[in-house]
Amino acid sequence: MDRKIIHVDMDAFFASVEIMDNPRLKGKPVIVGGTTERGVVATCSYEAREFGVRSAMPIYMAKAKCPEAVFMPVRYGRYKEISNKIFSIFHKITDLVEPLSIDEAYLDITHLEKDPVEIAVFIKQEVKRQTGLTISAGVSYNKFLAKLASDWNKPDGLKIIEKHMVPEILFPLSISKVYGLGQKSVKKLNDIGVFTVKELYGLPKELLIEFFGKFGVEIYERARGIDGREINIDRERKSIGRETTLRVDTDIKDDLKLYLNDFSESIADTMRNKNVSGKSITIKIKTSSFVNHTKSKTLNHYIYNKEDIYEEALNILDEIELMEKIRLIGLSISSLRENKTEQISMF
Ligand code: TTP
Ligand code: MG
(Lines give C-alpha, C1' and ligand atoms only; values in the text may rest on other atoms or scores of the structure.)
(Ligands and ions follow the chains in the order given, each with its own letter.)
Protein backbone atom coordinates (compact mmCIF):
# COMPACT_ATOMS: atom_id res chain seq x y z
CA MET A 1 0.00 0.00 0.00
CA ASP A 2 1.21 3.51 -0.75
CA ARG A 3 2.16 5.68 2.17
CA LYS A 4 0.70 9.14 2.84
CA ILE A 5 3.31 11.77 3.69
CA ILE A 6 2.87 15.48 4.38
CA HIS A 7 5.76 17.94 4.30
CA VAL A 8 5.15 21.33 5.93
CA ASP A 9 7.40 24.39 5.89
CA MET A 10 6.73 27.92 7.19
CA ASP A 11 6.92 30.74 4.65
CA ALA A 12 9.87 33.16 4.96
CA PHE A 13 9.81 32.11 8.59
CA PHE A 14 12.02 34.59 10.53
CA ALA A 15 10.93 37.47 8.28
CA SER A 16 7.23 36.64 8.62
CA VAL A 17 7.56 36.67 12.41
CA GLU A 18 9.25 40.07 12.33
CA ILE A 19 6.51 41.45 10.06
CA MET A 20 3.77 40.09 12.31
CA ASP A 21 5.40 41.63 15.38
CA ASN A 22 6.07 44.96 13.57
CA PRO A 23 3.03 45.57 11.33
CA ARG A 24 4.62 48.68 9.79
CA LEU A 25 6.91 46.27 7.88
CA LYS A 26 3.99 44.71 5.99
CA GLY A 27 4.47 44.72 2.22
CA LYS A 28 8.09 45.87 2.50
CA PRO A 29 11.26 44.03 1.62
CA VAL A 30 12.41 42.77 5.03
CA ILE A 31 15.77 41.12 5.60
CA VAL A 32 16.57 39.25 8.82
CA GLY A 33 20.18 38.55 9.64
CA GLY A 34 23.45 39.60 11.17
CA THR A 35 23.43 43.33 11.78
CA THR A 36 27.08 44.00 10.96
CA GLU A 37 28.48 44.38 7.45
CA ARG A 38 30.22 41.03 7.98
CA GLY A 39 26.96 39.27 8.76
CA VAL A 40 24.81 37.19 6.44
CA VAL A 41 21.11 37.02 5.56
CA ALA A 42 19.21 34.40 7.57
CA THR A 43 16.11 34.89 5.44
CA CYS A 44 14.05 37.64 3.83
CA SER A 45 10.46 38.41 2.90
CA TYR A 46 9.18 37.45 -0.54
CA GLU A 47 9.24 41.17 -1.46
CA ALA A 48 13.01 41.16 -0.85
CA ARG A 49 13.45 37.95 -2.85
CA GLU A 50 12.23 39.81 -5.93
CA PHE A 51 15.42 41.85 -5.71
CA GLY A 52 17.51 38.68 -5.72
CA VAL A 53 18.21 38.59 -1.98
CA ARG A 54 18.72 35.05 -0.64
CA SER A 55 19.55 33.20 2.60
CA ALA A 56 23.29 33.06 3.42
CA MET A 57 24.08 36.08 1.20
CA PRO A 58 26.42 38.61 2.87
CA ILE A 59 24.52 41.61 4.26
CA TYR A 60 26.55 44.11 2.22
CA MET A 61 25.50 42.31 -0.96
CA ALA A 62 21.86 42.26 0.13
CA LYS A 63 22.08 46.01 0.78
CA ALA A 64 23.47 46.54 -2.70
CA LYS A 65 20.69 44.52 -4.30
CA CYS A 66 17.91 46.07 -2.26
CA PRO A 67 18.89 49.41 -0.66
CA GLU A 68 15.36 50.17 0.53
CA ALA A 69 15.07 46.94 2.52
CA VAL A 70 14.40 47.04 6.26
CA PHE A 71 17.06 45.07 8.13
CA MET A 72 16.04 43.28 11.33
CA PRO A 73 18.23 41.38 13.81
CA VAL A 74 17.59 37.70 14.51
CA ARG A 75 15.47 36.93 17.61
CA TYR A 76 15.93 33.22 17.91
CA GLY A 77 13.98 32.82 21.16
CA ARG A 78 10.86 34.27 19.56
CA TYR A 79 11.10 31.95 16.54
CA LYS A 80 11.60 28.95 18.81
CA GLU A 81 8.44 29.88 20.72
CA ILE A 82 6.42 29.79 17.49
CA SER A 83 8.21 26.66 16.34
CA ASN A 84 7.08 24.89 19.52
CA LYS A 85 3.48 25.87 18.76
CA ILE A 86 3.52 24.49 15.22
CA PHE A 87 5.16 21.26 16.34
CA SER A 88 2.44 20.70 18.95
CA ILE A 89 -0.12 21.09 16.17
CA PHE A 90 1.73 18.41 14.15
CA HIS A 91 1.88 16.11 17.17
CA LYS A 92 -1.87 16.43 17.72
CA ILE A 93 -2.30 14.75 14.34
CA THR A 94 0.25 11.96 14.70
CA ASP A 95 3.32 10.86 16.66
CA LEU A 96 5.07 10.15 13.39
CA VAL A 97 6.61 13.60 13.04
CA GLU A 98 10.16 14.06 11.76
CA PRO A 99 11.53 17.54 12.48
CA LEU A 100 13.88 18.78 9.77
CA SER A 101 14.57 22.25 11.08
CA ILE A 102 12.97 24.97 13.19
CA ASP A 103 10.13 25.49 10.68
CA GLU A 104 9.89 22.25 8.75
CA ALA A 105 8.71 18.66 9.29
CA TYR A 106 7.50 15.45 7.69
CA LEU A 107 4.35 13.73 8.97
CA ASP A 108 3.50 10.14 8.13
CA ILE A 109 -0.31 9.91 8.11
CA THR A 110 -0.61 6.56 6.32
CA HIS A 111 -2.46 5.05 9.30
CA LEU A 112 -5.11 7.80 9.46
CA GLU A 113 -8.57 7.36 7.93
CA LYS A 114 -9.06 11.00 7.12
CA ASP A 115 -8.29 12.37 3.66
CA PRO A 116 -4.65 13.60 3.53
CA VAL A 117 -5.65 16.85 1.83
CA GLU A 118 -8.16 17.58 4.59
CA ILE A 119 -5.41 17.00 7.14
CA ALA A 120 -3.07 19.36 5.30
CA VAL A 121 -5.77 22.02 5.14
CA PHE A 122 -6.43 21.54 8.86
CA ILE A 123 -2.73 22.06 9.67
CA LYS A 124 -2.62 25.21 7.55
CA GLN A 125 -5.71 26.62 9.28
CA GLU A 126 -4.54 25.74 12.79
CA VAL A 127 -1.07 27.23 12.20
CA LYS A 128 -2.66 30.41 10.89
CA ARG A 129 -5.10 30.57 13.80
CA GLN A 130 -2.57 29.88 16.55
CA THR A 131 0.45 31.78 15.21
CA GLY A 132 -0.93 34.26 12.69
CA LEU A 133 1.50 32.90 10.07
CA THR A 134 1.24 30.85 6.88
CA ILE A 135 2.74 27.44 6.30
CA SER A 136 3.04 25.64 2.96
CA ALA A 137 2.14 21.96 2.72
CA GLY A 138 2.88 19.20 0.26
CA VAL A 139 1.10 15.87 0.14
CA SER A 140 2.39 12.78 -1.62
CA TYR A 141 3.35 9.13 -1.15
CA ASN A 142 6.99 9.67 -0.16
CA LYS A 143 9.31 12.25 1.40
CA PHE A 144 11.00 13.44 -1.79
CA LEU A 145 7.73 14.20 -3.55
CA ALA A 146 6.02 15.68 -0.46
CA LYS A 147 8.89 18.14 -0.02
CA LEU A 148 8.86 19.02 -3.67
CA ALA A 149 5.11 19.62 -3.37
CA SER A 150 5.33 21.96 -0.36
CA ASP A 151 7.76 24.12 -2.32
CA TRP A 152 5.55 24.12 -5.42
CA ASN A 153 3.45 27.23 -4.85
CA LYS A 154 4.94 28.91 -1.80
CA PRO A 155 3.94 31.05 0.06
CA ASP A 156 0.75 29.67 1.65
CA GLY A 157 0.89 26.81 -0.82
CA LEU A 158 -0.84 23.45 -0.90
CA LYS A 159 0.03 20.88 -3.54
CA ILE A 160 -0.76 17.21 -3.95
CA ILE A 161 1.44 15.00 -6.09
CA GLU A 162 -0.23 11.76 -7.14
CA LYS A 163 1.47 8.90 -8.92
CA HIS A 164 0.09 9.58 -12.37
CA MET A 165 1.37 13.19 -12.22
CA VAL A 166 4.98 12.22 -11.53
CA PRO A 167 6.53 12.20 -15.02
CA GLU A 168 4.86 15.47 -15.94
CA ILE A 169 6.06 17.11 -12.72
CA LEU A 170 9.56 15.66 -12.48
CA PHE A 171 10.80 15.59 -16.07
CA PRO A 172 11.13 19.34 -16.71
CA LEU A 173 12.89 19.98 -13.37
CA SER A 174 16.56 20.74 -13.06
CA ILE A 175 18.46 17.81 -11.54
CA SER A 176 19.48 20.14 -8.70
CA LYS A 177 15.91 19.67 -7.38
CA VAL A 178 16.50 15.94 -6.91
CA TYR A 179 16.96 15.15 -3.25
CA GLY A 180 20.46 13.84 -2.60
CA LEU A 181 22.11 15.44 -5.61
CA GLY A 182 24.55 18.01 -4.24
CA GLN A 183 26.45 20.61 -6.21
CA LYS A 184 29.29 18.22 -7.03
CA SER A 185 27.01 15.48 -8.35
CA VAL A 186 25.02 18.00 -10.38
CA LYS A 187 28.26 19.25 -11.94
CA LYS A 188 29.33 15.71 -12.73
CA LEU A 189 26.05 15.06 -14.53
CA ASN A 190 26.07 18.45 -16.29
CA ASP A 191 29.49 17.52 -17.64
CA ILE A 192 27.98 14.58 -19.50
CA GLY A 193 25.13 16.75 -20.79
CA VAL A 194 22.47 15.84 -18.20
CA PHE A 195 20.54 18.87 -16.95
CA THR A 196 16.90 17.86 -16.50
CA VAL A 197 15.29 14.97 -14.66
CA LYS A 198 14.08 13.70 -18.03
CA GLU A 199 17.68 13.37 -19.17
CA LEU A 200 18.59 11.74 -15.86
CA TYR A 201 15.69 9.30 -16.37
CA GLY A 202 17.27 8.26 -19.64
CA LEU A 203 20.51 7.07 -18.01
CA PRO A 204 20.92 3.34 -17.36
CA LYS A 205 21.15 2.23 -13.73
CA GLU A 206 24.58 0.68 -14.35
CA LEU A 207 25.99 4.01 -15.48
CA LEU A 208 24.70 5.78 -12.38
CA ILE A 209 26.22 3.08 -10.17
CA GLU A 210 29.51 3.48 -11.99
CA PHE A 211 29.30 7.22 -11.42
CA PHE A 212 28.04 7.37 -7.83
CA GLY A 213 28.53 3.91 -6.33
CA LYS A 214 25.69 2.50 -4.21
CA PHE A 215 24.10 5.92 -4.12
CA GLY A 216 23.58 5.65 -7.90
CA VAL A 217 20.63 3.30 -7.28
CA GLU A 218 18.92 5.99 -5.20
CA ILE A 219 19.40 8.57 -7.92
CA TYR A 220 17.97 6.15 -10.46
CA GLU A 221 14.91 5.74 -8.24
CA ARG A 222 14.47 9.47 -7.52
CA ALA A 223 14.21 10.21 -11.24
CA ARG A 224 11.23 7.83 -11.19
CA GLY A 225 9.67 9.44 -8.12
CA ILE A 226 10.65 6.49 -5.90
CA ASP A 227 11.88 7.17 -2.34
CA GLY A 228 11.74 4.51 0.35
CA ARG A 229 13.06 6.60 3.24
CA GLU A 230 11.01 6.17 6.41
CA ILE A 231 9.93 8.96 8.74
CA ASN A 232 12.66 9.18 11.35
CA ILE A 233 11.16 10.31 14.65
CA ASP A 234 14.25 9.31 16.61
CA ARG A 235 16.47 11.78 14.79
CA GLU A 236 17.19 13.63 18.01
CA ARG A 237 17.41 10.69 20.32
CA LYS A 238 20.14 9.00 18.33
CA SER A 239 22.73 11.31 19.78
CA ILE A 240 23.60 12.66 23.19
CA GLY A 241 24.60 16.28 23.27
CA ARG A 242 24.79 19.57 25.12
CA GLU A 243 24.82 23.09 23.82
CA THR A 244 24.67 26.57 25.21
CA THR A 245 24.31 30.14 24.05
CA LEU A 246 27.33 32.09 25.28
CA ARG A 247 26.85 35.02 27.60
CA VAL A 248 29.24 37.02 25.41
CA ASP A 249 30.03 36.19 21.80
CA THR A 250 33.65 35.12 21.42
CA ASP A 251 36.26 33.88 18.96
CA ILE A 252 38.77 32.80 21.62
CA LYS A 253 39.24 29.04 21.50
CA ASP A 254 40.43 28.79 25.11
CA ASP A 255 37.05 30.10 26.25
CA LEU A 256 35.29 27.50 24.15
CA LYS A 257 37.42 24.72 25.64
CA LEU A 258 35.91 25.41 29.06
CA TYR A 259 32.45 24.75 27.65
CA LEU A 260 33.60 21.61 25.85
CA ASN A 261 35.10 20.35 29.08
CA ASP A 262 31.77 20.76 30.92
CA PHE A 263 29.82 19.23 28.06
CA SER A 264 32.14 16.21 27.94
CA GLU A 265 31.57 15.53 31.60
CA SER A 266 27.82 15.88 31.35
CA ILE A 267 27.60 13.78 28.16
CA ALA A 268 29.73 11.05 29.77
CA ASP A 269 27.30 11.02 32.73
CA THR A 270 24.30 10.52 30.46
CA MET A 271 26.12 7.83 28.50
CA ARG A 272 26.87 5.97 31.72
CA ASN A 273 23.20 6.15 32.73
CA LYS A 274 22.05 4.89 29.35
CA ASN A 275 24.86 2.34 29.24
CA VAL A 276 26.01 3.31 25.75
CA SER A 277 29.25 4.12 23.91
CA GLY A 278 29.59 6.17 20.75
CA LYS A 279 32.08 6.82 18.01
CA SER A 280 31.03 10.00 16.18
CA ILE A 281 31.78 13.34 17.79
CA THR A 282 30.26 16.57 16.49
CA ILE A 283 30.91 20.17 17.39
CA LYS A 284 28.23 22.65 16.42
CA ILE A 285 28.70 26.38 16.43
CA LYS A 286 26.42 29.24 15.60
CA THR A 287 28.09 32.48 14.55
CA SER A 288 27.12 35.96 15.71
CA SER A 289 25.25 36.30 12.44
CA PHE A 290 23.30 33.09 13.18
CA VAL A 291 24.86 30.74 10.70
CA ASN A 292 25.18 27.17 11.94
CA HIS A 293 28.26 25.09 11.27
CA THR A 294 28.96 21.53 12.33
CA LYS A 295 32.14 19.54 12.15
CA SER A 296 32.20 15.83 12.92
CA LYS A 297 34.70 13.09 13.28
CA THR A 298 34.02 9.36 13.33
CA LEU A 299 36.52 7.23 15.22
CA ASN A 300 37.22 3.61 14.50
CA HIS A 301 36.60 2.69 18.14
CA TYR A 302 33.84 3.41 20.65
CA ILE A 303 34.37 5.77 23.57
CA TYR A 304 32.35 6.63 26.67
CA ASN A 305 34.49 8.36 29.26
CA LYS A 306 34.86 12.07 29.79
CA GLU A 307 38.57 12.30 29.00
CA ASP A 308 38.22 10.57 25.63
CA ILE A 309 35.23 12.69 24.62
CA TYR A 310 37.02 15.89 25.61
CA GLU A 311 40.19 14.92 23.76
CA GLU A 312 38.30 14.25 20.53
CA ALA A 313 36.33 17.48 20.94
CA LEU A 314 39.60 19.41 21.20
CA ASN A 315 40.93 17.73 18.05
CA ILE A 316 37.86 18.89 16.17
CA LEU A 317 38.00 22.40 17.65
CA ASP A 318 41.60 22.64 16.43
CA GLU A 319 40.42 22.13 12.87
CA ILE A 320 37.72 24.78 13.01
CA GLU A 321 38.67 28.15 11.64
CA LEU A 322 36.73 30.88 13.45
CA MET A 323 36.07 33.58 10.87
CA GLU A 324 33.80 35.55 13.17
CA LYS A 325 32.67 35.50 16.79
CA ILE A 326 30.33 32.73 17.82
CA ARG A 327 27.23 32.88 19.98
CA LEU A 328 26.50 29.21 20.58
CA ILE A 329 28.57 26.08 20.99
CA GLY A 330 27.42 22.49 21.20
CA LEU A 331 28.99 19.07 21.50
CA SER A 332 27.35 15.73 20.78
CA ILE A 333 28.20 12.09 20.38
CA SER A 334 26.37 9.76 18.00
CA SER A 335 26.74 6.34 16.33
CA LEU A 336 25.77 4.95 19.70
CA ARG A 337 25.67 1.30 20.72
CA GLU A 338 24.74 -0.45 23.89
CA ASN A 339 27.63 -1.55 26.09
CA LYS A 340 28.27 -5.20 26.73
CA THR A 341 27.95 -6.28 30.35
CA GLU A 342 31.72 -6.50 30.83
CA GLN A 343 32.02 -2.85 29.97
CA ILE A 344 29.45 -1.79 32.53
CA SER A 345 31.51 -3.24 35.33
CA MET A 346 34.39 -1.05 34.25
CA PHE A 347 32.50 2.12 35.17
P1 TTP B 1 13.75 27.97 5.24
O2 TTP B 1 12.49 27.20 5.48
O3 TTP B 1 14.78 27.39 4.35
O4 TTP B 1 13.40 29.42 4.64
P5 TTP B 1 12.19 30.38 4.95
O6 TTP B 1 11.19 29.76 5.87
O7 TTP B 1 12.74 31.69 5.45
O8 TTP B 1 11.57 30.64 3.54
P9 TTP B 1 10.70 29.64 2.63
O10 TTP B 1 9.37 30.31 2.48
O11 TTP B 1 11.43 29.53 1.34
O12 TTP B 1 10.60 28.32 3.37
O13 TTP B 1 14.45 28.27 6.62
C14 TTP B 1 13.71 28.52 7.82
C15 TTP B 1 14.41 29.57 8.65
O16 TTP B 1 15.74 29.15 8.97
C17 TTP B 1 14.56 30.90 7.94
O18 TTP B 1 13.43 31.72 8.11
C19 TTP B 1 15.80 31.47 8.58
C20 TTP B 1 16.62 30.26 8.97
N21 TTP B 1 17.76 30.08 8.01
C22 TTP B 1 19.00 30.64 8.32
O23 TTP B 1 19.18 31.23 9.39
N24 TTP B 1 20.02 30.50 7.42
C25 TTP B 1 19.87 29.86 6.21
O26 TTP B 1 20.81 29.79 5.42
C27 TTP B 1 18.56 29.30 5.90
C28 TTP B 1 18.33 28.59 4.59
C29 TTP B 1 17.55 29.44 6.83
MG1 MG C 1 10.50 27.80 5.56
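The values are calculated or read from the model by the stated rules, or taken from the named source; none is laboratory data. None of the values given here were measured: they were computed from a predicted structure. Heads up, the Cβs are rebuilt from the backbone with ideal geometry, glycines too, and the neighbour counts pull from every protein chain shown. Side chains included, ligands, DNA and RNA excluded: accessible areas come from the protein's heavy atoms. Shrake-Rupley method; radii C 1.70, N 1.55, O 1.52, S 1.80 Å.
So the values come out like this:
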{"quantity": "Carbon and sulfur %, accessible surface of segment 166-222 computed with the full protein complex present, 1.4 Å", "calculated": "57 percent"}
{"quantity": "Share of carbon and sulfur in the accessible heavy-atom surface of segment 239-338 [1.4 Å probe, %]", "calculated": "41 percent"}
{"quantity": "Largest-first principal axis extents of the Cα set of segment 220-347 (Å)", "calculated": "50, 45, 23"}
{"quantity": "Inter-site label distance for Lys253 and Asp191 at 7 Å from Cα along Cβ, in nm", "calculated": "3.4 nm"}
{"quantity": "Cross-link pairs beyond the 29 Å C-alpha cut-off, checked among Lys163/Lys295; Lys85/Lys257; Lys214/Lys295; Lys28/Lys188", "calculated": "Lys163/Lys295; Lys85/Lys257; Lys28/Lys188"}
{"quantity": "Average accessible surface area per residue within segment 1-163, 1.4 Å rolling probe, Å²", "calculated": "45 Å²"}
{"quantity": "Å² of accessible area per residue within segment 166-222, as computed with a 1.4 Å probe and no ligands counted", "calculated": "61 Å²"}
{"quantity": "Surface accessible to a 1.4 Å probe, per residue, for the residues of segment 239-290, Å²", "calculated": "48 Å²"}
{"quantity": "Share of carbon and sulfur in the accessible heavy-atom surface of segment 6-81 [1.4 Å probe, %]", "calculated": "56 percent"}
